[in-house]
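Rule-based calculations on the coordinates, nothing more; no lab input. Note that the structure is a prediction, hence the values are computed from the model and not measured. Here Cβ is always computed from backbone atoms with ideal geometry, including for glycine, and neighbour counts include all displayed protein chains.
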Amino acid sequence: MRTLSHSTQWRKGPYCLTSLIVEPAHISEPACRGLGCCFSSSFSPSTFSSYSPPPPPPPPPHTHLFTLFLFFPFFSSSSFVVPLPLPLSLFLVSGPGPGAVLAGGVFAVSRLSWQWSVVAEVFSLNNLFVGLLFSLTTSFHCADSAPQRRKVSHWGALCCGLGLCNQHTLVLYVVVIIPWVLLQLYSHRELSACGVMSLGLCFLGGLLPYVYLPISSYLNTARWSWGDQTSLSGLFTHLLRTEYGTFSLVHTSIHLPVPTYIIFEPVLSWRCLSFLSRRRLVVPWLLTAMLLLYSLFFAWRANLDISRPLLLGVVERFWLQSDAVVCVLAGLGLSWTHTGLERRLGHGGLWRAGGWLFTVGVLAHMVHSNHRECDQSINSVVERFGRELLASVPPDSIILTRGDLPGNSLRYLHYCQGVRPDVHLVDQEMMTYSWYVAKLGQHHPGVHFPGLWWDPVHTEEKDTFSLEQFLSHNTRWAVLACIGLPDGDPSWERSFSRWPLGVCDHLVPAQEHFHPEEWARRTRYIYNWTEPHNSFHPGSWERVANEEMWQARMKTAFFLFDLAERIQGEGKARLFELSYTLYKEIVESHTDYPPNWDKNLALASERLLRSGKQGHSPDSLLTCSIQHFSLYLDKEPTDSQAPAIHTAVSHLLQERTRLRQKHTP
């Protein structure tokens, strides 16, 4: 009775302030869906106004060559292929020597080149096309006869077309090279209408891989694809990446002002190229013009917040194209330095040896410093993340994926390795496009789409459906959302509830009864995850996957806490007690864990004490709350709620002192 009366008195005491000024710490779902799980610190879904689609599948050249590269492991990484054209460019300009090796070697073992050469992405192949363009540009400049210039220019036109099939950013180099080549042909009186048509045909020949898109779209045998290219408008929508944002890293409604240099760029480029044609150092200045144009244009269109490590990792991939120019210019600088010193001071052998020593030293240092970070030979974090998710879902489940991390990892394992063939993967973002159900719906037998596309905003429009309607038509199977649901369509909340199932959420009819203890037992050891907390680089997808797995351990505890906050009656105290027990269990079983666990355990301790639940010592609950609030402040001193937490801790200390004085004889 003494404990109960004290708990009743406590509910009226100053501790009630903490329930008003301190909110539980969550883990937020990704706000930028097109870029995957852009991770922050809250569980409740983040609000966003527009649906940014995930990146489309690889372009045709990447898709075709990927299978070929599987049979030639040595050439499967552009880390070995791309450096070959770069030294050739320097060889033609300044002759053989350490400069050529420096250019190719530095680019090959640089962190970005190395990192993206071991990833199935378009950037590796783009590096190869950039190197080929540099080599062909140099060969054209050094050609001493009309047949040679004609041959190289045609190969260059073909390479430009193929490169643009793979990566659109290459156009910023192409728009500099093509006017220069035409100007050179004109200055040698070798430019004619037939010649221009021949070059144009070679350029269009490079674009032939795009023919694969309408054919593949018409056959519609791919279980996962992007867009409907059977119509001309659909093909151009895909080519221009309209749904994802043409020449942008993410689709946004913000219109950026056009810089002044964009307006005068054509005039300046032509005047610059006319000046360069009369200079001896044409190729270096041409590369410099390409570098400046690319850097300025990309700085204008890179509409992502690089203060966030994960988004910085997204942006820096595009720096590879400009890094290739910098490496070539660095190699030219070394060659010219060696040549200048030899001409002025003599002792050519000494300077050449010094150049080789410098080159070897730089390359050895880069290999040593980058190998540990870029060696991914034993990295299977994202794969294990996907396998754990697939293993945790019920049979014949419908998984609504959201973002790059769950979408790509689950699709690879499901479609390519045949893991869990019984489940259906439905992409939330892609389901908002009018072509998704028409093109991919037939590959999901058993999944019922109540319309042609999901419109989260205008759910009553013709041929559209809401999330509630989709769930209502698929009650036969378990439906899970991984990771989370958007705020744009809250219709499902009228008829369905969301129960945490690890990283995912199980969407169940609202009338289905929830058994807290049974659900806690089911989700307590749902994953076998052993990666330490904070064990990966902040800008890596491994970091995101690891953090999702760690926060999944506390999702059920948070769900029970939130549920207890919203109900009344005798079940309220039982839910607070179960939430407190789960929080305390995961905190005590780890020494290094996310900071928000401390904050949530402190709040759970307070709510349990305030609920009047018997069987727990008020002193121990007070001490637990004080301790973990203090630990949270030590780990997150810049939290916006820090002043409120300090105030709450002061009240808690006062109440504990009064409690101990009351029980002291």
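Which ³J(HN,Hα) values in Hz, rounded to whole numbers, follow from the phi angles of region 213-228 under the Karplus curve 6.51 cos²θ - 1.76 cosθ + 1.60, where θ = phi - 60° and Gly and Pro get x?
Values per residue, Gly and Pro as x: 5, x, 5, 5, 5, 5, 5, 6, 9, 6, 6, 8, 8, 10, x, 10 Hz.
Between region 383-415 and region 539-592, how far is it from one alpha carbon centroid to the other, in angstrom?
So the two Cα centres are separated by 22 Å.
Taking the number of other C-beta atoms within 10 Å as the exposure measure, put T337, T591 in order starting with the fewest.
Lowest count first: T591, T337.
Report, in whole Å, the centroid distance computed from the Cα atoms of region 325-356 and region 606-665.
What the calculation gives is 69 Å, centre to centre.
Can you put C194, C504, C624, C142 in order, fewest other beta carbons within 10 Å first? Walk me through the intermediate numbers first.
Working: C194 7, C504 26, C624 23, C142 14.
With the fewest neighbours first, C194, C504, C624, C142 line up as C194, C142, C624, C504.
Using only the Cα atoms of region 580-635, what are the Rg and Dmax in Å?
So, for region 580-635, Rg and Dmax equal 10.8, 32 Å respectively.
Could you put V503, V381 in order, starting from the residue whose Cβ has the fewest other Cβ atoms within 10 Å? Mind showing how you got there, number by number?
Working: V503 25, V381 22.
Listed from fewest to most nearby Cβ atoms, that is V381, V503.
Which stretch or stretches of region 408-439 have amide N atoms under 15 Å from the point lying 7 Å from A120's Cα along the Cα→Cβ direction?
408-419
Any chance you could list the semi-axes, whole Å, largest first, of the equivalent ellipsoid that the Cα gyration tensor gives for region 539-665, using √(5λ)? Don't skip to the answer; put the middle values down first.
On the way: eigenvalues 140, 73, 31 Å².
Over the Cα atoms of region 539-665, the ellipsoid semi-axes are 26, 19, 13 Å.
Do you know the relative contact order of region 374-460, to the nearest whole percent, from alpha carbon pairs under 8 angstrom that are 6+ apart? Spell out each step's value before the answer.
Values: 76 pairs, mean separation 22.0, N = 87.
Reported as a whole number, the value is 25 percent.
How about K613: which lysines have a C-alpha closer than 24 Å to its C-alpha, ignoring those fewer than 8 places off in the same chain?
Once the sequence-local lysines are set aside, what remains near K613 is K12, K555, K572, K584, K599, K662.
Please compute, for the alpha-carbon atoms of region 435-545, the extent along each of the three principal axes and give them in descending order in Å.
Result for region 435-545: principal-axis Cα extents of 50, 38, 27 Å.
Which whole-Hz ³J(HN,Hα) couplings does region 295-301 yield from phi under the Karplus relation 6.51 cos²θ - 1.76 cosθ + 1.60, θ = phi - 60°, glycine and proline marked x?
Working through the residues one at a time gives 5, 5, 5, 5, 4, 6, 9 Hz.
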